[in-house]
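Okay, structure first, notes after.
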Amino acid sequence: MSTKEGDGTLTAEPKGHHYDATSITVLEGLEAVRKRPAMYIGDIGVRGLHHLIWEVVDNSVDEALSGHCDTVKVTIMKDGSIQVSDNGRGIPVDIHATMKKPALEVVMTTLHAGGKFDNDSYKVSGGLHGVGVSCVNALSDWCTVEVLREGKVYSQEYKRGVPVAAMSSRAADKKEKGSGTTVRFHPDATIFEVAEFNWDTVASRLRELAYLNSGLTIHLTDERTDKTAEYFAKGGIAEFVKYLNTNKETLHNKPVVFQRERDMVAVDVAFQYNDTYSETLLSFVNNINTHEGGTHVGGFRSALTRTLVNYAKSEGLMKSLKADIGGEDVREGLVAVVSVKMQNPQFEGQTKTKLGNSEIKGAVETVVGEGLREYFEENPSVARKIVEKMISAARAREAARKARDLARRKTILDGGSLPGKLADCAWDNPEECEIYIVEGDSAGGSAKQGRDRRFQAILPIRGKILNVEKARIDKILANEEIRSIITALGAGVKDEFDISKLRYHRIILMADADVDGAHIRTLLLTFLFRELRPLVDAGHVYIAQPPLFLVKAGKDEHYCFDEKEREEAIARIGKKNVQVQRYKGLGEMNPDQLWKTTMNPETRTLVKVNSDDAVEADRIFTILMGEQVEPRRQFIEENALAVKNLDI
């Protein structure tokens with residue numbers, strides 16, 4: 001047994017060892033961060049690496065929140081380091097009363113040190129969800145900081161969190177005007193599993209921050225590729241909603257927007273309805289993206305439902321409706337951004353991105369209720385359009401419920417609830433089980449024969465499933481292939497969804513490596529992203545990677561996944577009688593080959609589907625699967641050169 005307290009670690013007592021002071025290992029200062037980095041930044045993979053940038057940028061944004069900064073510059077340097085500079089007040093440099101060293105050094109080398117714990121310095125702060133720039137310093141093999149204050153430039157350099165020398169200062173030159181802070185750091189390759197920063201990941205977060213902080217300009221430069229971007233949103237989250245609704249037909253021209261303060265909580269809301277059937281709701285607390293929602297989202301949703309239903313009743317618009325209105329009817333086609341700024345947020349949930357403060361629900365509910373009532377009084381035509389969509393959704397949901405009930409009765413009479421074509425696995429622990437959703441009978445047959453029956457289930461589907469981007473839930477549930485998938489997974493759908501009932505913790509999509517296979521894969525991903533999104537968010541969805549080529553000479557065989565591997569294999573074999581087989585379909589492989597290349601956990605390659613950039617994923621699904629042709633044509637033209645292995 002072991003326990004942790006603060007920065008000290010109490011370890012288990014070995015047999016035959018005296019339990020005394022020598023048993024206690026105290027990790028001084030930042031050593032704790034270096035010893036257990038995942039405790040402080042979540043993980044040491046891609047997310048943890050990028051979290052270092054967020055920690056530094058959050059400090060600059062906090063300066064903007066308090067009115068002292070309007071420009072932040074982020075640069076991905078050629079050597080793999082990151083530089084973040086702002087025109088804020090600059091980190092204080094005077095001697096700290098208790099630590100007896102410059103405040104700059106205290107902030108850079110001490111966990112949980114900074115102005116955010118003093119409510120007078122920052123009324124609201126996003127940085128409190130992290131551990132500050134000192135953590136970034138600890139996890140970098142080198143880090144430098146420069147502060148411009150009152151005509152002087154103060155600087156200090158660190159190696160793995162330890163100062164190389166005392167803080168130095170010099171007179172600012174003519175170009176160095178005003179004030180600000182510049183931090184540059186190089187992540188420690190001995191700690192992180194990956195060392196390369198991703199442009200799209202950084203750009204997505206900075207774009208988000210610009211929308212959430214109207215008036216703040218954020219520059220992004222990538223010196224590796226000379227790529228640059230600038231983010232500035234004068235209209236704040238209203239512009240964010242418009243961006244989210246790009247390429248969608250909206251029900252009303254302008255987003256509904258209101259910003260109010262209640263009980264020391266600033267609530268900023270913007271939303272706009274479109275003609276699709278899914279909901280897109282992004283929520284933030286002090287600029288932190290609360291992926292799992294929380295009390296602020298609960299307050300917004302309950303106010304939206306209550307206000308719309310009351311309006312519909314008062315206007316006599318629900319007389320012919322026999323079904324009850326549910327929350328999901330109100331949110332069909334809704335695109336919303338809810339941003340809350342508050343003191344002392346409390347986060348919970350698996351990834352610490354769910355707001356837990358109970359008092360926030362009532363504050364948000366009151367603000368949204370008041371704002372909506374006023375808006376509907378002034379814009380009755382918009383209110384009527386939203387209500388009509390809500391009523392239409394309720395009717396469709398009622399029809400879907402009847403279809404579900406009928407389907408349940410049929411399966412009970414048939415004597416079994418699982419789809420007949422599902423070849424289930426023997427084990428019943430979902431964490432150990434996986435299901436392959438395979439297109440085509442021949443591929444399904446090979447997969448059934450080649451699988452490990454203990455933990456691998458196979459569900460063959462026929463042809464291309466319904467494009468859910470253009471369909472409502474009643475039509476979706478009427479599709480036989482989709483019903484088979486929902487039933488096999490066991491977690492339900494929509495308001496009946498319960499992830500704890502999921503029968504397999506790995507859902508693997510397996511389709512041919514040609515144009516039709518890519519289309520089927522995209523249809524399946526669209527269905528999972530739109531209708532079973534929690535499965536994607538929880539990391540349960542994967543894409544199988546079958547090989548494209550078999551290169552062989554006699555008994556010497558090499559399976560290759562792209563042209564480069566094929567050429568390398570041919571060169572490696574170096575014989576004249578080399579044969580190259582191109583697999584156009586999974587059905588061309590016999591069961592043994594399919595097991596060896598695509599299904600054996602020890603040799604296969606799976607691509608995990610994640611929704612780190614849900615905004616970009618939403619945009620691409622809309623372009624590829626939505627109604628509008630022109631954005632799709634443009635997307636194909638822009639990305640055509642990046643296509644590999646096009647089968648014509």
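Some values worked out for this structure:
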{"read-out": "Within the chain: Cβ-based charge dipole about Cα centre, in debye rounded to nearest 20 (Lys, Arg +1; Asp, Glu -1)", "value": "1160"}
{"read-out": "Neighbour net charge for Leu334 - beta-carbon separation under 11 angstrom, K R +1, D E -1", "value": "-1"}
{"read-out": "Selection from Met167, Ile482, Val335, by position along the positive dipole direction of the chain (Cβ)", "value": "Ile482"}
{"read-out": "Size of electric dipole in the stretch 250-398: Cβ of Lys, Arg +1 and of Asp, Glu -1, about Cα centre, debye, nearest 20", "value": "200"}
{"read-out": "For peptides 426-433, 85-92, 450-457, sequence by mean Cβ density within 10 Å, most packed first", "value": "85-92, 450-457, 426-433"}
{"read-out": "Cα-projected label distance for Ala571 with Glu370, points at 7 Å along beta-carbon direction, nm", "value": "7.0"}
{"read-out": "Virtual spin-label span in nm between Asp612 and Trp199, 7 Å along Cα→Cβ", "value": "1.6"}
{"read-out": "Listed peptides 310-321, 255-266 by packing density, highest first (mean Cβ within 10 Å)", "value": "255-266, 310-321"}
{"read-out": "Separation in nanometres of the label points that stand 7 Å from Cα toward Cβ, at Asn590 and Lys159", "value": "6.1"}
{"read-out": "Selection from Asn247, Thr181, Val202 lying farthest towards where the dipole of the chain points positive, charges on Cβ", "value": "Asn247"}
{"read-out": "Principal axis box of the stretch 245-373, alpha-carbon based, largest edge first, Å", "value": "47, 33, 27"}
{"read-out": "Reachable lysines from Lys319, criterion Cα separation under 17 angstrom, eight or more residues apart if same chain", "value": "Lys385, Lys389"}
{"read-out": "Fully extended contour minus Cα-Cα distance, from His519 to Arg170, at 0.36 nm per residue", "value": "119.5 nm"}
{"read-out": "Listed peptides 237-250, 161-174, 594-607 by packing density, highest first (mean Cβ within 10 Å)", "value": "237-250, 594-607, 161-174"}
{"read-out": "Stokes-Einstein translational diffusion, the chain - Kirkwood Rh over all Cα pairs, 0.692 mPa s, 37 °C, in µm²/s", "value": "117"}
{"read-out": "Members of Lys248/Lys470; Lys78/Lys175; Lys552/Lys596; Lys448/Lys552; Lys341/Lys361 lying beyond 22 Å, as alpha-carbon distances in this model show", "value": "Lys78/Lys175; Lys448/Lys552"}
{"read-out": "Subset of Lys101/Lys174; Lys177/Lys234; Lys73/Lys234 violating a 27 Å alpha-carbon distance limit", "value": "Lys101/Lys174"}
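Rule-based calculations on the coordinates, nothing more; no lab input. As the structure is a computational prediction, the values presented were derived from the model and not from experiment. Note that we place each Cβ from the backbone using ideal geometry, even for glycine, and neighbour counts take in every protein chain shown.
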